[in-house]
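Colleague: Got a structure here, written out as structure tokens. Questions coming.
The values are calculated or read from the model by the stated rules, or taken from the named source; none is laboratory data. Please read all numbers here as calculations on a predicted model, not as lab measurements. Here the Cβ positions follow ideal geometry from the backbone for every residue, glycine too, while neighbour counts run over all protein chains shown.
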Amino acid sequence: MKNSIKKIILSLLIIIALAGSKAIAMDYPDIDYGFWAYQDIEYLTDEGIVIGYPDIKFQPEKLLTRAEYAAAVVKVLKQDKIPIETMYSFDDVDTTHWAWNYIIRALNLDIIKPEDNYHFAPDDYVTRSEIITFLVNILKTEDITKKDAITALQNAYDDFDDIPDWFKVTAGKAEVLNVIAKEPPRQRYLDCDKFVTRAQMAVFMANLKRITEGYIQEKVKREKSPKIAEGIVIENILRDDDVVTIPAKTVLPIMVSGQISSNDSAPGEMFQAKFINNIVDEEHHLIFSKDAILIGKILDTTKSKYFIRNGELIFEFSSVNNKNLLTRILAVAECESLLVEANKIKKVVKTILKGRNYIIKDGQIVYITLYKPVRVNIVTGEILD
């Protein structure tokens, strides 16, 4: 008897220690390895999302309450620390309730509704149609026609005729998302009006967690993938993973705002320019976006002397608005301006324009030549040097 009491006390201490953090793997005496929802229950227990009762049992057949649903879904979505914007007051649940922290956040997230203005009904049970509706409202779903929803449900469930017409599109979305808990031997029954058991809740929550984690992974994958675009193709670019190196002497077309002159402009003078088209590599990975803003500074000028030399302007771009993100970047690149009009040929300019004062007019398209290689992260748009 004493050993049993000690065991219960020890187990309670373990539960209390794990309540605020991720739990360790736990075996429930009322669930064996062959239980249909065992893996999902273990998975959520390991993640600290659901745990058993003080008697160390999970009670898988016990019906799910609204309070338990609120706690589980807020934990799955990792929203248990979000600021509370709207406070609620109910006659049947207050701040002393074990699930108040989760209930109030579930209400703020609009993932559950109050029973009415004065009652939350924390101990009421949740039907399968209710939890399916809750979860579909949470998840990012594609539009589905009623016809497609009906087809999906007819193929999956033998009790299709018992599914309410108002619920068919929502249930169809849930079926396509694979969020529905299907308990054997009733895998082919949606059982809309039946209450959800704790075992079914675990499967619903595990499916929700996998789907939302999939969204995050897909988002990360998109954010870590170079954007593909059409534009001006720069050749001979070297690529090392997400970083490309634009070689020195690469020529890039830009449009200048304001006026710059090799004879009249002075070192330190600032100006603005932009790319006239997307700049891409040979695989069409976007390097610089069309209309990305360049903030330039004149580093040096050389005045023109007739029949001796052309004027020269040396630029440094110190800021780039790339991919619509304002990013301060120091010493992006040093560039020598060829100052050739868009319809001129580079080779001809050297023989015709000797001694010319280079004047860049507002809105004029000119070409700049990179003095040195420039490395760009084509995922983030960051210019590395």
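Colleague: Anything in the range 43-60 that is touching a residue at least 12 places away in the same chain (Cβ under 8 Å) and either touching a Lys or Arg at 6+ places or on another chain (Cβ under 9 Å) or not assigned by TED's automatic domain parsing to the domain that holds Phe134 (or both)? List them, or say none. Break it down into steps so the answer makes sense when it comes.
Modeller: Kept after step one, since they are touching a residue at least 12 places away in the same chain (Cβ under 8 Å), are these residues of the range 43-60: 43-52, 54-60.
Hits for the range 43-60 are Tyr43, Leu44, Asp46, Glu47, Gly48, Ile49, Val50, Ile56, Phe58, Gln59, Pro60.
Colleague: Evaluate the following for Met205: is it under 25 Å from Gln59 (Cβ atoms) and either touching a helix residue (DSSP H, G or I) at 6+ places or on another chain (Cβ under 6 Å) or without any contact (Cβ under 8 Å) to a residue 12 or more places away in the chain (or both)? Explain how you work it out, then say what you get.
Modeller: Values: under 25 Å from Gln59 (Cβ atoms): yes; either touching a helix residue (DSSP H, G or I) at 6+ places or on another chain (Cβ under 6 Å) or without any contact (Cβ under 8 Å) to a residue 12 or more places away in the chain (or both): yes.
In short, yes.
Colleague: Another one. So in the range 262-285, with the set limited to residues that are buried (at least 17 other Cβ atoms within 10 Å of the Cβ) and among the small types (Gly, Ala, Ser), which one is nearest to Gly363 (Cα to Cα)?
Modeller: If we take residues in the range 262-285 being buried (at least 17 other Cβ atoms within 10 Å of the Cβ) and among the small types (Gly, Ala, Ser), then Ala273 is nearest to Gly363 (Cα to Cα).
Colleague: Would you call Ala121 surrounded by fewer than 17 Cβ atoms within 10 Å (Cβ to Cβ), touching a helix residue (DSSP H, G or I) at 6+ places or on another chain (Cβ under 9 Å) and either touching a residue at least 60 places away in the same chain (Cβ under 8 Å) or farther than 15 Å from Val73 by Cβ (or both)? If you could, list the steps in order and put the result at the bottom.
Modeller: Working: surrounded by fewer than 17 Cβ atoms within 10 Å (Cβ to Cβ): yes; touching a helix residue (DSSP H, G or I) at 6+ places or on another chain (Cβ under 9 Å): yes; either touching a residue at least 60 places away in the same chain (Cβ under 8 Å) or farther than 15 Å from Val73 by Cβ (or both): yes.
Yes.
Colleague: State which residue is nearest to Asp240 (Cα to Cα) when the search covers only the range 294-305 and only residues that are β-branched (Val, Ile, Thr) and crowded, with 18+ Cβ neighbours inside 10 Å. Outline the logic, then answer.
Modeller: Looking only at the range 294-305, we keep the residues that are β-branched (Val, Ile, Thr), and these are 295, 298, 301-302.
Next, from what is left, pick out any that are crowded, with 18+ Cβ neighbours inside 10 Å: 298, 301.
Working: Ile298: 31, Thr301: 35 Å.
The extreme case among them is Ile298.
Colleague: Mind checking whether some residue in the range 61-75 is among the small types (Gly, Ala, Ser), assigned by TED's automatic domain parsing to the domain that holds Ala37, outside any helix (DSSP H, G or I) and surrounded by 20 or more Cβ atoms within 10 Å (Cβ to Cβ)? Break it down stepwise before answering.
Modeller: Within the range 61-75, the subset among the small types (Gly, Ala, Ser) is 67, 70-72.
Imposing the further condition that a residue be assigned by TED's automatic domain parsing to the domain that holds Ala37 reduces the set to 67, 70-72.
Remaining after also requiring outside any helix (DSSP H, G or I): none.
Checking the range 61-75: not a single residue is among the small types (Gly, Ala, Ser), assigned by TED's automatic domain parsing to the domain that holds Ala37, outside any helix (DSSP H, G or I) and surrounded by 20 or more Cβ atoms within 10 Å (Cβ to Cβ).
Colleague: Working only within the range 90-115, note down all residues that are acidic (Asp, Glu), modelled with pLDDT of 90 or more and under 19 Å from Thr133 (Cβ atoms). Break it down stepwise before answering.
Modeller: Applying the first criterion (acidic (Asp, Glu)) to the range 90-115 yields 91-92, 94, 110, 115.
Filter once more, keeping what is modelled with pLDDT of 90 or more: 91-92, 94, 115.
Listed by number, the list holds a single entry, Glu115.
Colleague: Sticking with this structure for a sec: Under the condition of being more than 22 Å from Ala199 (Cβ to Cβ) and hydroxyl-bearing (Ser, Thr, Tyr), which residue from the range 126-166 is modelled with the lowest pLDDT?
Modeller: Thr141
Colleague: With respect to Asp40, determine if the residue is of a type outside the set (S, T, N, Q), assigned by TED's automatic domain parsing to the domain that holds Phe134 and in contact with a helix residue (DSSP H, G or I) (Cβ under 9 Å, 6 or more places away or on another chain).
Modeller: On the way: of a type outside the set (S, T, N, Q): yes; assigned by TED's automatic domain parsing to the domain that holds Phe134: yes; in contact with a helix residue (DSSP H, G or I) (Cβ under 9 Å, 6 or more places away or on another chain): yes.
So Asp40 fits the description; yes.
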